[in-house]
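Worksheet: the structure to be examined is printed underneath.
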Amino acid sequence: MKRQFVVYVVSLAAFLGPFTQTIYTPILPEVRAAFAPSSFLINLTIAIFTFFLAMMQIVYGPLTDRKGRRTVLLGFMQYYSLYNFLVFLPGILTDRYGLSAQEKGTVYLAMSSMIVIGSFLGGRLQGRFPERRIILTTTYLTTASIFFFLLTAWQSLELLVVAIAMFGLFLGLSLPVQTTVLTNVFQANRSTAIGVYNFFRYMGMAFGPMIGSALLAAGGDRLVYAVDDVLFFACALFLTARIARAAKRHSSA
C-alpha cells in the first residue's frame, strides 16, 4: 500500500510540472496582443523557465557512458520538437483558423492524451519487443508525423489535429522505454543517468522556443517545423548507425 501511495504522489508531481507549463502556451497569442512584446521576448519567457529547470538537473553529475548518449540525444530532440508545437502551434490556430483560447486548449488535449496513451502502450511493448527496436521505430514514426504536420497543418484543422495526435502517440511510446534503457545500463548510478537525461530534455525545451523564434522570423512557421523534422531525421539516422555498429560488434564477439 505504501508503494502504491508513493507511485500516486510521484505521478501527481509529474502531472503538475507539465500542467504549469502547458496551461500557458495556448494563450501566447493573447499575451502578445495584451502586452505587445516581440515574438522573441514572448518565447523567451518559456525558454528562461525551462533553462533554469534544466540547470537544476546538472547537480546529478555528468553522464559519460556512450550507451547513454543515444538516449540523451533522443530526449533532447523529442522535447525540442514538443516545445516547438507548444509554443508555435497557438499562432497557427489563431491566425489560420481563428480559434479561441478554449478551442486551442481542446486541440492540445488531443496531443496530450495521446502522449499518455502512448506512454501506457510503450510500457506494455517493452516485454514483447527489443527496447532498441522500439526506440528506433518510434523515432522514425515521430519524424513521419512531423512531416505529415508540415503537409497538412495549413490545409485542414482536422488533419492538423490528427498530425499532432500522431506526434503525441509516437513520442509517448518511446518515453518509458528510454527510462528503462538508462536504468538497465546504469544500474550503479541510476540517479546520475536520469538526472542528466532530464537535463538534456529540459535543455531541448529551452532551445526550442529560442531557435524556433529565429526560424520563425527568417521563414515563418513552415521553416520552424521543416528544420525540426530534418533534425529529428538526422537523429534517427545517427541512432540507426550506432545501433547497427553495436550489433555488428556483438555478433563478431
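Rounded if a/c is under 1.5, else prolate if a/b is larger than b/c, else oblate: which is region 136-224, with a ≥ b ≥ c the root eigenvalues of its Cα gyration tensor? Let's see the in-between values first.
Working: a/c = 3.64, a/b = 1.67, b/c = 2.18.
In terms of gyration-tensor shape, oblate.
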Rounded to 0.05, the calculated FRET efficiency for the beta carbons of Thr106 and Ala226 at R₀ = 22 Å is 0.25
Quick note on Arg128, Arg133, Arg201, ordering by fewest other C-beta atoms within 10 Å, gives Arg128, Arg133, Arg201
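Going by average Cβ neighbours within 10 Å, how do the peptides 110-119, 153-162 rank, with the highest at the top?
Working: 110-119: 18.6, 153-162: 15.7.
Packing order, densest peptide first, comes out as 110-119, 153-162.
All of the numbers you see were taken from the coordinates with simple rules; none came from a lab. Values in this document were obtained by computation on a predicted structure and should not be read as measured data. Note that we place each Cβ from the backbone using ideal geometry, even for glycine, and neighbour counts take in every protein chain shown.
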